[in-house]
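Data first, discussion second: the structure below is written as C-alpha cells.
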Amino acid sequence: MTAISDPSPAVTDFRRALVDALDTVGDATGRELWCALGRGGVLAAHTAGEDPRADRLRALLTELDARYPLGVVLSVCVQVATALPILLHGPASEHVAGVGAAALRGEAMLALAATDSAASGSDLMDLGTTAVLGEDTVVLDGGKRWITNAGTADHLLVLARHRPQRHFTSFLWVLVPADAPGLTVEPADGSMFAGSGVGHLSFDAVTLGRDHLVGAPGRGLATFSRHIATERLAGGLWAGAMCRRVLTDTRRALADKPLHGATAWDNDAVRQRFARCLVESRRIDALCADVCGGSGGLVDSMVLKASVADSLDRVLGECVQLIGADAFGAGGVARLRAEAAMFGVAGGATGAMLAGVADHADDLLGGPR
C-alpha cells in the first residue's frame, strides 16, 4: 500500500480533482456527493490498482471531514474503503462488472451488508443469513443490522453463508438490487448519523441469478479479510483528520476565551491538557503510517483499530471539557463525540480487536520490525 506521504504530481492532481468535484455540489446528501465524486473521476482515480492508494484515501477523507457531517462522510467511506474494492477486484460476471462501472461513475450507490442479525456484530463466523445455490439461482434468507446506506443504496453487497459448517470457506458475497422482491429495508431508530442511510435489512426468499455472485463461493471471508486492513486504515485516517480539525477549532476557541485576566490558552494546566490531545492525535497518525508501511498487515490494522477508538474518544472528550457549554450547541463537539463512538464498534468492536491482538502477543513482543 502506498505511503501516505507520497508527494507525487499524481496525488496533487487527485486533490485538485477532488476539490473541483466537491465545489460543484457544496452542501450535499450522500447520493449527491457520490455522484459528484464519480462524475469528477475521483472514484476511478482512487480505486485504480489492486488497493486504494493510502495517500489518496487520506486526501479524500480529510476533505470530506472538513466539509460534511459525520453521517454523510460515513456513507462515502464504507463504499470507497471496502464495498468498491470487493466489487471491482476479483472475478466478476458481466452484471457485477456493469454495477461496478456504474458505481465508479457515481451512478450507483453501494451498501456493504456484513453485520448480521443472527450474530454478534464482530462474529462473522456465526452469521445466519443464508444463500442456497441452485444451478442458475441463489436464494437469500436472513437479515442484516446497522448497515450504512441501507436506505439509500441501489445495490447491497451481502455476505451470506452457503454451507452450514462453521468454517472460513462457508461464505460468499451476493450483489442484491435494492428493489429485489423479498427484500425489506427498515430505517434505524434515532437521529444520529444523519445522511448515512443506516438501517436494517431482511431477506425473505430473495431469488437472483448466479450472475449476482461476487467472486467464487467459499471466498467470501477471504475476500473480506483481503480488504479489511484498508477499511481499518480508512477509519484511522478519518479519525486523524477529525482530531486535527477539532483541535484546531479548540485551540482557536481557547485563545479567544478570557481567563484570569489573560486567555485560557495562557493557562499552563489548559495547555497541558491540550498537549495530551496532540499526543493522542499523533499516535493515530503514527499507527496509520505503520499500517501503510505494510510491515505487520492484519495485526497492525487491529492495533490501529483498537487504538483509534480510544485516542479519538480521549481527544473529543477533552475538547468538550475545554470548550465548555458551547460544545453542546448545534454542531458542537459533544454531538460529534457521541457519533464518533461508532469508531469503537463499526468494522469490528474494540474488544474483538484486542482479543486478536492478544493472539499475536509473541510476535508483537518480538521488538521493532
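Taking the Cβ-Cβ separation of A262 and A66 as r and a Förster radius of 35 Å, what is the calculated FRET efficiency to the nearest 0.05?
Working from the Cβ atoms, E equals 0.70.
Can you tell me the relative contact order of the chain? Whole percent, Cα pairs under 8 Å, sequence separation 6 or more.
For the chain, the relative contact order is 15 percent.
Pop the C-beta distance of A44 and Q272 into the FRET formula with R0 = 56 Å and round what comes out to the nearest 0.05.
Calculated value: 0.75.
Assigning unit charges at the beta carbon (Lys, Arg +1; Asp, Glu -1) and nothing else, what dipole magnitude in debye, to the nearest 20, does the stretch 222-365 show about its Cα centre?
Roughly 420 debye, rounded to the nearest 20.
Only helical DSSP H runs with n ≥ 4 go in: add -39500 (n - 2.57) per run for the chain, normalise by residue count and round the 222 nm mean residue ellipticity to 500 deg cm²/dmol.
Helix contribution divided over all residues of the chain: -16000 deg cm²/dmol.
Can you give the percent of C-alpha pairs in the stretch 222-365 whose distance is more than 20 Å?
50
For the chain, build the charge dipole from Cβ charges (+1 Lys, Arg; -1 Asp, Glu) around the Cα centre, then report which of I323, S117, C292 sits farthest towards its positive end.
I323
Taking the solvent-accessible surface of protein heavy atoms with a 1.4 Å probe, what is the per residue accessible area of the stretch 9-105 in Å²?
That works out to 37 Å² per residue.
Using a Förster distance of 25 Å, how high is the FRET efficiency between D326 and D27, based on the Cβ-Cβ distance and rounded to 0.05?
In this case the efficiency is close to 0.65.
Could you tell me the convex hull volume per residue, in Å³, taken over the Cα atoms of the stretch 220-306?
Here the figure is 86 Å³ per residue.
Using a simple spin-label model with points 7 Å from Cα along the Cα→Cβ vector, what separation in nm is obtained for V345 and D126?
Result for the modelled spin labels: 1.8 nm.
Could you work out how far apart the two model spin labels at L133 and E107 are, taking each label as a point 7 Å from the Cα in the direction of the beta carbon, and quote it in nm?
Here the answer is 3.1 nm between the modelled labels.
Radius of gyration and Dmax for the stretch 90-240's Cα atoms, expressed in Å?
Rg and Dmax of the stretch 90-240, Cα atoms, are 14.9, 48 Å.
Where in the stretch 189-219 is the amide nitrogen less than 16 Å from a point lying 7 Å along the Cα-to-Cβ axis of R245?
193-196
Under a Cβ-only charge scheme (Lys and Arg +1, Asp and Glu -1), can you give me the dipole magnitude of the stretch 9-105 about the Cα centre, in debye to the nearest 20?
For the stretch 9-105, the charge dipole is close to 40 debye.
Could you check how much of the accessible area of the chain is carbon and sulfur, as a whole percent, using a 1.4 Å probe?
Carbon and sulfur atoms account for 54 percent of the accessible area of the chain.
Roughly how many nanometres apart are two label points built 7 Å out from the Cα toward the Cβ at A286 and E186?
With each label placed 7 Å out from Cα toward Cβ, I get 4.5 nm.
Highest mean first, what order results for 181-190, 54-63, 279-288, 133-142 on Cβ atoms within 10 Å?
So the peptides 181-190, 54-63, 279-288, 133-142, ranked by packing, come out 54-63, 279-288, 133-142, 181-190.
So who's got an amide H within less than 5 Å of the one on V214, skipping anything under 5 residues away but keeping other chains? H placed 1.01 Å off N, in plane.
W173, V174, L175
What is the Cα convex hull volume of the stretch 9-105 when expressed per residue in Å³?
85
Once Lys and Arg get +1 and Asp and Glu get -1 on their Cβ, which of Q79, A101, G215 lies farthest toward the positive end of the dipole of the chain?
Q79
How large is the dipole of the chain about the Cα centre if only Lys and Arg carry +1 and Asp and Glu carry -1, each at its Cβ, rounded to the nearest 20 debye?
Charge dipole, the chain, about its Cα centre: 700 debye, nearest 20.
Please list 3J(HN,Hα) in residue order for the stretch 277-285, calculated via the Karplus relation 6.51 cos²θ - 1.76 cosθ + 1.60 where θ = phi - 60°; whole Hz, with x for glycine and proline.
Taking θ as phi minus 60°, the curve returns 5, 4, 4, 5, 5, 5, 4, 4, 4 Hz for the stretch 277-285.
The values are calculated or read from the model by the stated rules, or taken from the named source; none is laboratory data. Small disclaimer: the values here were computed from a predicted structure and weren't measured. Cβ sites come from the backbone with ideal geometry, for glycine too, and all protein chains shown count toward neighbours. Only protein heavy atoms, including side chains, enter the accessible area calculation; ligands, DNA and RNA are left aside. Shrake-Rupley method; radii C 1.70, N 1.55, O 1.52, S 1.80 Å.
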